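Please read the structure below before turning to the comments.
Only the coordinates and a few stated rules stand behind these numbers; no lab work does. Please read these numbers as outputs of a predicted model, since none were measured by experiment. Here Cβ is always computed from backbone atoms with ideal geometry, including for glycine, and neighbour counts include all displayed protein chains.
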Amino acid sequence: MLVYLGKQTQHGYNPRQISRRVTQVVCHPNYKSNTNDNDITLLQLNESVSFTNYIRPVCLAAQGSNFRAGTLSWITGWGNIASGEELPFPGVLQEVALPIVDRKQCENLVGAGLITKNMICAGLLKGGKDSCQGDSGGPMVSKQGTVWIQSGITSWGEGCAQPRSPEMSLNDTYLHGNSSFSCASPSVEGYRYFGVLLGCVVTVVGTVGNVLTVLAFATDTHLRTRFNVLIVNLAVADILYCTILQPVSVDSYLHLRWRGGATWCQMFGLLLFLSNSVSIITLCLIAASRYLVVAHRTTRAARLLLSPHGVAMLVASSWALGLASFGPLWPVYVFAPQVCTCSFHRTKGRPYTTVLLFFYFFLGLGFVGLFYFLIYHKVHIAAMALLKYRPSRRSSRKKRTEAEGTDGDDSGIGVGTTGTQSSEISDQTVETNNSKNPMSEYPGTTPATTSSTQQTTCPIKEASNGAKQSQVPAPILTQAAGPSSTPGEDSEFKRVTRMCFTVFLCFVGCFVPFLLLNIADKNNRAPQVLHMFCANMTWLNSCINPLLYAAMNRQFNQAYRDLLSKAASPLRHLWRRQ
């Protein structure tokens, strides 16, 4: 479909004419064919238009403006010049000036119930001049001083230029105030119901699951660790989205327009990006804390950050940083028709918005991936060292027999000891050590002994010729585990780390399609339904974490079961009574 601008004749040469391709057609979602109410459609062009003396913008009247009876209005078009008589060749653009007709008088002339609040009447009671078939969709404008004001759009009428039969125009002063909050399009009429259904599922599952996560932390002492404070912070950010923001998005999809007004749209956009930024920051903190426990748990920085005050400071900082990052964008939060929700304007916030997105979604998530790679690398090195140097049971018994009289520590690596510390999501593995070493107060850590970090030597043996063999140093562990580490604890550490890494992968998987589409489609040429689908995939991020906790961590799973059992207990008693 093409739109022609600067055109004056339907046939022949138009030297000042330009054309643009239509990329999107947006019909009013509340159009009623039986009354022609809301008879308006918007066309989105593939590129901007440069104004000339023959292509000029028109001012829209303020919302709710009242055009008094008798106000002269101009209507233009290439319609018929009389009933059944087409515009003669070469089809020069026509214009007619008609006065506004009082609404009550118009209802008396046309009939009660046919004139809605969105309509305005214009015409001569004696007839003779009027719009006609083919003029529908043309502008109706009034001149105030030197400025042209559009008051309506030609819609319908009875015949052409008949006496006591004014023509009806759509009074766009009732509509243009909300036109910027509509995402209606024929291409998404059916898809919106999928969005509504998915949004309802996300709201219910996300709210219930994340509330259960917070309650599990509050009621189960085994889950009440400092590491899990970060898990709760992630759940609170998801509750903000699932419980408050997601139902609003469902309403927008159902009606294909924003019904909350400009201020609430700005607030929605701010809360949306606050929730996302806190989630990303928390994922970074979770990954960093896991790495500190593995590689640098004895450093002063680790002690400070993993202390009660340190964790509280990190949680508060995540919200403060998110608010400080996206708060300055308050003036540019607008309704985005492509995704039918409120977000920041794609161009007005640049380059600040570009820097923010790069910082959070690329650098932030990149650092999370880097931390998990370092954790894997550290654990892998420790596992290989154990496989290489751990003596078998038989050789251990033999060495103990041969080295009788020594201190029994022939390698510096105790059986069952690993090169990484257990950092369980529960604190039950460290309760017995809380009074022995200050490091035991960190969640999931156990104290390291001084001897485990020293280089030891194998006992000196006499060779058959009487010469002494040289001492062979045993392998050095950069971070040796304490005596309380067991293979079970190390396995638990890996399971918890694997769960956290899965949470990170799901977050990335939810957002990557949406980010790639926005990068590739800078000119908004992709179908609207594709933009909406990719945006819908980001919703899943806020409800999937509790499902992962239940599937991959036995203690959260049990805590969820206990809470649901307690909640269902009154219902079971009520059922038994009946």
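In the structure shown, do any of Lys7/Lys143; Lys32/Lys104; Lys7/Lys348; Lys7/Lys129; Lys32/Lys129; Lys143/Lys522 have a Cα-Cα gap over 30 Å, and if so which?
Checking Cα-Cα distances, Lys7/Lys348; Lys143/Lys522 exceed 30 Å.
If you rank Phe501, Phe344, Phe89 by fewest surrounding Cβ atoms within 10 Å, what's the result? Show your work: numbers first, answer last.
Values: Phe501 20, Phe344 25, Phe89 10.
Ordered from fewest to most neighbouring Cβ atoms within 10 Å, Phe501, Phe344, Phe89 come out as Phe89, Phe501, Phe344.
Dipole size in debye (nearest 20) for segment 2-179 around its Cα centre, Lys and Arg Cβ +1, Asp and Glu Cβ -1?
The dipole magnitude comes to about 380 debye.
From Cα coordinates alone, what are the radius of gyration and Dmax values for segment 2-179 in angstrom?
16.4, 47
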